[in-house]
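Reading through the structure tokens given below for one structure.
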Amino acid sequence: MTPLSLHTADIAWAGILLLIDGALSVWLRLRFHRALAIATLRMVLQLVAVGYLLRYVFAGHSPWLTAAILLAMSLVAVREVAVRPSRRLRGGNARVALPNVVGVVLLTTAFALMTAIRPEPWYDPRYAIPLVGILLGSILNAGSIALSGVLDNVTLRREGIEAQLMLGRSFREATAPLVTRAVRSAMVPVINQMAAAGVITLPGTMTGQMLAGADPVNAVKYQILLLILLAGSSCLTAVGTAFLAISHLTDERQRLRLDRLR
Amino acid sequence: MSLDVQALRSSLAGPFDFHVPSGRCLAITGPSGSGKSLLLRMLADLDPCEGRVSLDAEDRATMSPTTWRRRVALLPARSGWWADRVDEHFASRQADERGALARDMLLADRLFDQPVDETSTGERQRLALIRALLTRPKVVLLDEPTASLDATATLAVEAVLRCRMQEGLIVVLVTHDAAQADRLGDDALVMRNGTLVRP
């Protein structure tokens, strides 16, 4: 099956839906039409720009350009993870977000490219960049939920944590309920995504491949691989983020150091 | 056995120097915000501090923090809980002993089956004291342990403490209740602006 190529006029037809949304907003005084217009414009400009950029990068096969793009994407994700919690570690939340986001995305991407996908060369940007893009979305979710789960709740749980310390428990034991809750919360989105895949939702990658003309069974294989990678990277990020965050809130005498939190 | 404190200080309070022998109670009174609770937290090794604290001539710095906190138990004014139900905070093998302590402190056995949220502040204070005593500490640091109790329950708690003191327990008691300081305290100090003075 050959993919049906889309022309600008074809996309303009879909734009009619947005015009209807805008008209509803004006008619019912919902006042979201301005935000919708700006978001639509941003979305189109961003995607067109990234489309041309990726076309250029894919044609070049330059490992340095690929690495630079991956680094830029990862740093934006690090920033998003770091700013999401309402509390800040002294020295900044990036101390936790940077090693986890960058470490996990590098590890998972290299693992997938060298074992399951095996493009030639292994860093082929046509595979590496979309893969990192998808993984970062999941890593960002897991990292920010885990970090918020620890930093935003540790003050509320202070009395319970210190009560356990006073019974002679280690800091790790005393903070285990908090860390466990943070990791479990961070895993909810990817677990829901896997549970719903194919029944409640048709995941984006698989749908995109089928719309582009791919065989559904082949598309499903890619989707299964991606969901496994997403679950694996989410778990590594959630566990690494929660443990690293709580480790910044103690000292050599296993005290709870909330003075290290702003 | 004794608790010895020498030049204990933090950026907010101290220096503190005192000595409490085995089986005795040091009662500390003083206005709110003067540093009484800070002193107890420093003794429990919950806040960073300088100076020397030793138990039976064994320096705290030479012990692991978990060992120290098993020997020196702090009961803050607001007790801490980390699970939903009361009995999840107690080891099941200690059910008999905890039941006996609960009866001595005028608490019903059924409390252990209840959610923590459904107990009163006074019940939680006594339950937290039972939880601490079950670990058989050598020192208890009590911050207003009977602030939410009526006169009868207060005397019951004091009787339990007195009984443990006869077995050698060292008590450092922070209270606003001068009568309680007189009843329990073998020695009394007053906290003023972060330092301890004789009354």
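For every residue, the table says whether it meets (1) open to solvent by 50 Å² or more (accessible area, probe 1.4 Å); (2) touching a helix residue (DSSP H, G or I) at 6+ places or on another chain (Cβ under 6 Å); (3) outside any helix (DSSP H, G or I); (4) at pLDDT below 95.
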| site | (1), (2), (3), (4) |
| --- | --- |
| A:116 | yes, yes, no, yes |
| A:120 | yes, no, yes, yes |
| A:145 | yes, yes, no, no |
| A:148 | no, no, no, no |
| A:165 | no, yes, no, no |
| A:182 | no, yes, no, no |
| A:186 | no, yes, no, no |
| A:195 | yes, no, no, yes |
| A:199 | yes, no, yes, yes |
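So which of B:53, B:72 ends up being among the β-branched types (Val, Ile, Thr), crowded, with 20+ Cβ neighbours inside 10 Å and closer than 30 Å to residue A:180 by Cα?
Matching residue, one of B:53, B:72: B:72.
Being in a loop (DSSP other than H, G, I, E, B) and either more than 13 Å from the chain's Cα centre (by Cα) or not polar (S, T, N, Q) (or both) is the filter here, so list the residues in the stretch B:59-90 that pass it.
Within the stretch B:59-90, B:63, B:64, B:76, B:77, B:78, B:80, B:81, B:82, B:83, B:84, B:90 qualify.
Taking into account only those residues within the stretch A:53-69 that are assigned to a helix (DSSP H, G or I) and in contact with a Phe, Trp or Tyr (Cβ under 9 Å, 6 or more places away or on another chain), which is least open to solvent (accessible area, probe 1.4 Å)?
Here the residue is A:66.
Which residue pairs have Cβ atoms closer than 7 Å, lie 6 or more positions apart in sequence or on different chains, and pair a first residue in the stretch B:67-92 that is facing chain A (nearest Cβ under 9 Å) and closer than 19 Å to residue B:120 by Cβ with a second residue that is open to solvent by less than 20 Å² (accessible area, probe 1.4 Å) and not in a helix (DSSP H, G or I)?
Within 7 Å, the pairs are B:75/B:140; B:75/B:141; B:75/B:142; B:75/B:143; B:75/B:145; B:76/B:143.
Inspect all residues belonging to the stretch A:249-260 and state whether any of them is free of Cβ contacts under 8 Å to residues at least 24 places away in the same chain, away from chain B (no Cβ under 14 Å) and either charged (D, E, K, R) or closer than 26 Å to residue A:154 by Cβ (or both).
Scanning the stretch A:249-260, I find no residue that is free of Cβ contacts under 8 Å to residues at least 24 places away in the same chain, away from chain B (no Cβ under 14 Å) and either charged (D, E, K, R) or closer than 26 Å to residue A:154 by Cβ (or both), so the answer is no.
Residue under question is residue A:190, and the condition is that it be more than 30 Å from residue B:143 (Cα to Cα), part of a helix (DSSP H, G or I), at pLDDT below 90 and away from chain B (no Cβ under 14 Å); does it hold?
No, not satisfied.
The values are calculated or read from the model by the stated rules, or taken from the named source; none is laboratory data. Given the structure is predicted, the values throughout are model-derived calculations rather than measurements. Positions of Cβ are generated from backbone atoms using ideal geometry, with glycine treated the same way; all protein chains shown enter the neighbour counts. SASA here: full protein model, heavy atoms, side chains in, ligands and nucleic acids out. Shrake-Rupley method; radii C 1.70, N 1.55, O 1.52, S 1.80 Å.
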